[in-house]
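FYI, it's all coordinate maths here, none of it is from the lab. This is a predicted model, so every value here is computed, not measured. Virtual Cβ from ideal backbone geometry, glycine too; neighbours counted across all protein chains shown.
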Amino acid sequence: MTDAEPMPDAEPMPDAEPMPDAEPMPDAEPNTDAEPTTVERLEVQRLIEADAAAIFRVLCDPQGHVAIDSSGMLMDATGEPVTAAGDTFVVHMDREALNDYPLGRYDVTVTITTLVPDREIAWTILGRIRPQIGHVYGYTLKPAADGGTLVTSYYDWSAIHQTWRDAGIFPVVPESALRATLGILARTVARGYVRSPG
């Protein structure tokens, strides 16, 4: 997933209490009971009966991210559709949807890390938490031989900050959430997505 509180490249704040963006707070001490995992990326695929350009339009639009969110945490977004790596927009979040941490409403900034028109988009999330986590969400699109587009949703935490790796909490987004978002994406495109004013 991807908002109104930009915190670009800030140094870690050792005295600040960690506040998660769209992920659970780790314990103060590393979780030594967690089983080590070598998997650092989840991927799910779905054939969507639409051309890549129609799908990509939704994925580049901040309001599109809100429209396809399967967690219920993305309440709204501010910003224009992205066109290049380095572009940003703000997502207004509400953790109450998960009822796991009493964070209420907060904002995160989505920073685009990869953008190849109609082929791939990826982003990382910047927010109040320090050190920044460094995980990446993204989609790849490939025309299918029999029509439509094969869409792969991925979640990659291979480059997360060591603090979060030691916490033993990854992945913080289950495969089922990626799969559900692809279903909502398919439905959104099939209904003829129209950008909402942001």
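Computed quantities for the displayed model
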quantity	calculated
Stokes-Einstein translational diffusion, the range 41-190 - Kirkwood Rh over all Cα pairs, 0.890 mPa s, 25 °C, in µm²/s	155 µm²/s
HN-Hα J in Hz across the range 175-191 - Karplus 6.51, -1.76, 1.60, θ = phi - 60°, x for Gly and Pro	4, 4, 5, 5, 5, 5, 5, 5, x, 5, 4, 4, 5, 4, 5, 4, 7
Ranked list, fewest to most other Cβ atoms within 10 Å of each Cβ, for ARG179, ARG41, ARG95	ARG41, ARG179, ARG95
Per DSSP, loop trypsin sites (Lys or Arg not before Pro) in the range 108-176 with at most 14 further Cβ within 10 Å	ARG119
